Each structure stands twice: as C-alpha cells, then as structure tokens.
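Throughout, read-outs are computed from the coordinates displayed, never taken from laboratory work. Values in this document were obtained by computation on a predicted structure and should not be read as measured data. Cβ sites come from the backbone with ideal geometry, for glycine too, and all protein chains shown count toward neighbours.
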Amino acid sequence: MTDNRELYQQVILEHNRKPRNFGKIETYTHRAHGDNPLCGDAYDVYLSINTDGLIEEINFDGHGCAISKASASMMTASLKGKTVEEAEGLFEEFHQLIMKKMDPNKDTHKLGKLTVFSGIWQYPARVKCATLSWHTMKGALNHTSEITTEV
Amino acid sequence: MLTMETNISKIRQDFPALKRLVRGRDLVYLDNAATTLKPQSVIDAITHYYTDLSSNVHRGVHFLSEESTARFEEAREKVSQFISARQSAEIVFTRGTTDAINLVSQSYGKTFIKSGDEILITEMEHHSNIVSWQILCKEKGCVLKVAPITDEGELVMDEFEKLIGPKTKMIALVYVSNVLGTINPVKDIIRLAHERNIPVLIDGAQAVGQFPVDVVDLDCDFFAFSAHKMFGPTGVGVLYAKAEYLNLMPPIQGGGDMILSVSFDKTTYNTIPYKFEAGTPNIAGVIGLGAAVEYINQLGFESIVQHEKDISAYLTQSLGEVEGLKIIGRAKNKVPIASFVLDHVHPHDIGTIIDEEGVAVRTGHHCAQPLMSRYGLPATARASFSLYNTKEEVDILIKAIEKVKAVFK
C-alpha cells in the first residue's frame, strides 16, 4: 500500500510553501482562468510570449490545495524560456504521466522534476488538482479564457 | 432500552462496513453527514424484497404483488408514525430530500407563488434548498430573500423576523446545517410564519435519525428528508406535507400509479399521496427505509441523543485543543458535525493525509457555496459522527490531524 509521503514529497511541499512565479504580471499576451468547481481551487495563468513563440514570462495567481499550487509553481518553472511548441509537448507528456500511460523510468520524456507527480494516479480525487494549472495554461495558449475541470 | 456506552460495540456489529480495513487500518467513518452506513437489518430487508418478493406494487392481484404492496405500505405507516404525522397519506415517497424540495417548489410554488412574491431562506442552506427556489424565481419572477447568520453559525432572529414581510409566500430552511451542525429554532420560526399565514418547508435531511422529529408538534407544512442519512438506502426520501396542502397541489409528473382513470379526454388523478408517486417506485428502497426506522426505534432516541451529546462535547473539546485549528460553526445547540480549517493547510490535503490513517471525512464546499463565501473560505474539512462512532475515534482523528501538521510544518 502506498504511503502519502509519496504524494506529499519535499519538493511538492517546498513549492507549496514558496511558489515560484506567483502573482499577477502586468504585461502579458495570453491569460486564462481555471476553476475546479468541486473544491473551489481557482488559478489565473499569465503568459508573455514573444514574436518568435518563446515564453518569456509565465506566472500564476490564485488559491488551492498543496498539490494544485505546487503543480502550478513547477509548471511555470518548467515552461519559462520554452517555446509554445515545447510547452504543448510537455502538456501532453505530463498528461500521459498523470494518467499512468507513461513509465517515467523507461519511456523517454522531458519532464525532469515534474515526474514527482507520477504517483498521483493512485489518488483519483486529486488528479484534477495536479492538472488544473496545466489545462489553464493550455487554455491561455488557445485563447480560451475560462477553464473548468468539470465538462 | 440499550445504554449506548455499554452497547456501542454491539451496535458496531450491526454495521458490516465497519469491519472493513481501509489502507490496512480499521475504518474510522466520520462522513455520516454525507451518508450513514447501513445496518445488516436494512441490507437484509432490501435483499428480501429482491430475493423473495420482487414484484410490482399496487397493481397485481397475485400473491407476490399483494405481499410487496403490504410491505411497501407498512413502510409508509412506519415512517408516518416515526415523524408523528396525522396520517400516512401525508407521506409522499421521493428520490430524496432534493427531490422532495423540488416537488414543493414545482407543484405548490408554481401554483401559489406569483411574480413579486418573496421566498425566505437562510445563509446556511444546502444547494438543494437554494437552487430549487432559484429555478422557481426565474420561472415566476418571484424573489429569493436570505436571512443572515452570526459568525458562530446561528440565525440572527431579529433579522430573520424583519425579513418576513407581506410579500413572503414561503419560508424554507434547514433544520440542522450539514456544514455547521447548528440545530435551528424551527418551531419558533414556524410559529412566527403562521402568525402571518406563511407556509414553512423544513429541510430535515440532517435532523431525522439524530433526534425525535414530531411534525405535528413543529406544525411545519412541509418536511423533506432522505433515507440514506438515517441508515437507510440511497435513492429514496420523503416529503411530508399537511394533507390540506397535498390536496391543493397539482401533480408534477404524470404516469402510472398516480391516476384513478385515464381516457384521451380526461384523466382523474389518484388520491394523496399516490398522485405524487408516478411510475413504479423504489420499492426495495422504501422497504429498506422502513427497516431503518425500525432499527432506530429499537435503539431508542434517548440513548442516541445522549451518545451524540457526549461525542459532540468531546469532539469540540478535543478539536479546540489542536493548535492552529479553527472550528467553523460553534452554535450552542448542535449535532456532532464539526467543520474545521487548519492554518496553512488546504482542506483537501487534510482529507488525503488523514485518509491514510483510515479516517474518512468530507472536504470541500459541502454543497453550500454561499455559506463558504459567508465565512470567506473556499472549503472546509468536516467530521460528522453517528451513533456507532466512539470517543476513541475522536482521538484517532486528532492524531491524524497532528500528522497533517507534521507534514506541513
């Protein structure tokens, strides 16, 4: 049986305590708001993308549980300086990881530290916590301003 | 009568789910406000119906149908006596509390509440007693008024009284808050309303099974509750309404069982309560509800109420000693439901971490988002106790909360 220390690892607790790229930015090119109406988690994701398609700035703002906040923080840290194409690739890989469709130890990927979320499929109620900010980011790239986990 | 403390281990034997291990540990089930566990007698009653009766009610002349009908109507009689209704015709079986409230808003509301009329509810309502009235307001142009509560989670009675005006055509409120545990002074409110000829609907989902409910003594006009929060099955509930109201109300669903005669020119509706029970009902569910009533009667409310008072006091005291923990809902008169928040920890993280200790609590907004907004909270964790819970389980909860604090220290 799993222990939730696997879920609440130090890196997650640390990002929850001190989220990176946290707070609204004044100038941005893309923005979306994401809601998990079931638990009240709500985040805004802001991106500033230059004409070459490079993510120069990515910030998030809002509130939620440790899992959602750490996931948002780690997402922004991973995507800063990446191209839109790379961001979309990471979105897909992260999704595969969360849904246990990828073995991060065997399959090739560019997830880096994001593999800390690999055990979350064991907590079905918490999967949406980890993916909320990612879906919000994807929405912002697609110019969809309101994202919800409930369709 | 059984005394609760000496017999609690015997009572726990009645609930097979309590024998389950969760993540290798004994289940500590503290989510009773969401749904209670079911005693073996309720499970057996449902199994008996599907095994031995398994026939439709009210239409067959054959042996099994007559037997099913007898068990079904016996359950109605048991429920009627359980809440001290004047007659069992005042007991309408529904899918649950939500369905019962919607029956009132769609039938009574649509017929007797007009544009500009007001419906008075409170800040501590469950979504079922908000949205059903909002739908009516949208359809009819009536207005929803909301009575405020204090920080402790009690109704502000002066304000409540001020909100009752000449346009108030319905007062609908919760007997016991599913979030705060507050027991509202519904009898006083019903008296105030009746002085002005306003009918009152009580959402009794969290009340029935916790303490005796006497609808005649309360003098409520409508009373809604669910079987599954009082040790019965899901998918079945009750609308009690005074016969004078039920007789005035039109059916909102047409079909079998709710008619006396049908022709293409004219249909004559059945008498109450059947005119509100279109289609084959949840027969097994109703029979299971009857068994749940019997189970509660057999334990007796005297010991149930005493046990819940003891647990409630111990729970409040124990949670109060946890540093950084705040209880949401500190009404003087409450049931053993404790919503709480912890400094720097989101309720969902509390729920996941204490689940690892086998402790089941609810986290989230508890279908009461306006109440969460009232307290400026996105969510709370909620531990809700029932007659099979022990003080030892309060201790296990507290230890589990300390583990949460250790993870987030």
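In table form, for the structure just shown:
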| quantity | calculated |
| --- | --- |
| Rounded Å value of the spacing that divides the Cα centres of region B:137-202 and region B:305-362 | 27 Å |
| Test item: Cα-centred dipole of region A:100-150, Lys/Arg +1 and Asp/Glu -1 on Cβ, debye | 200 debye |
| CD proxy at 222 nm, helix term only [per DSSP H run n ≥ 4: -39500 (n - 2.57); per residue of the protein assembly as shown; nearest 500] | -11500 deg cm²/dmol |
| Karplus-derived HN-Hα couplings along region B:118-126 (A = 6.51, B = -1.76, C = 1.60, θ = phi - 60°), whole Hz, x at Gly and Pro | 10, 10, 9, 10, 10, 5, 9, 6, 6 |
| Peptide A:32-42 - average C-beta neighbours from other chains (10 Å radius) | 3 |
| Span-like helix ranges in chain B, DSSP H, alpha carbon extent 24 angstrom or more, Kyte mean at least -1.0 | B:63-82, B:283-299, B:301-320, B:391-407 |
| Span per principal axis, largest first, for the Cα atoms of chain A (Å) | 48, 34, 31 |
| Where trypsin sites (Lys or Arg not before Pro) fall in DSSP loop in region B:40-83, at most 15 other Cβ within 10 Å | B:Arg59 |
| Stretch in chain A that is longest and holds no trypsin sites (Lys or Arg not before Pro) that DSSP places in a loop and that have at most 13 other beta carbons within 10 Å | A:25-99 |
| Hydrodynamic radius (Kirkwood) for region B:44-297, which is based on Cα pairs only, to one decimal in Å | 18.8 Å |
| Loop GluC sites (Glu not before Pro), region A:1-60 (other Cβ atoms within 10 Å of the site Cβ: 14 or fewer; DSSP) | A:Glu6, A:Glu26 |
| GluC sites (Glu not before Pro) restricted to region B:269-371 and DSSP loop, no more than 16 other C-beta within 10 Å | B:Glu321, B:Glu323 |
| Separation of the B:Glu73 and B:Gln306 label points, Cα + 7 Å toward Cβ, nm | 3.9 nm |
| Additional length obtainable on full extension of the chain from A:Leu54 to A:Val11, 0.36 nm per residue less Cα span | 12.8 nm |
| Förster radius 41 Å - calculated FRET efficiency between B:Thr47 and B:His194, Cβ distance, rounded to 0.05 | 0.40 |
| Listed residues A:Met99, A:Met74, A:Met137, most fluctuating in chain A (Gaussian network, C-alpha, under 10 Å) | A:Met99 |
| Partner chain coverage, peptide B:179-191 - average Cβ within 10 angstrom | 0 |
| Approximate spin-label separation B:Lys19-B:Val143, in nm, with each point projected 7 Å along Cα-to-Cβ | 5.9 nm |
| Rounded to 10°, Cα long-axis angle of helix A:127-141 versus longest principal axis of chain A | 20 degrees |
| Inter-probe distance in nm under a simple model that places probes 7 Å from Cα toward Cβ, at B:Lys399 and B:Asp151 | 3.5 nm |
| Long pairs among A:Lys110/B:Lys405; B:Lys110/B:Lys242; A:Lys101/A:Lys128, criterion Cα-Cα beyond 22 Å | A:Lys110/B:Lys405 |
| For region B:92-104, 3J(HN,Hα) per residue [Karplus equation, 6.51 cos²θ - 1.76 cosθ + 1.60, θ = phi - 60°, Hz, x = Gly/Pro] | 9, 7, 10, 7, x, 4, 4, 4, 5, 5, 5, 4, 5 |
| Estimated translational D of the protein assembly as shown in µm²/s (Stokes, Kirkwood radius over Cα pairs; 20 °C; 1.002 mPa s) | 83 µm²/s |
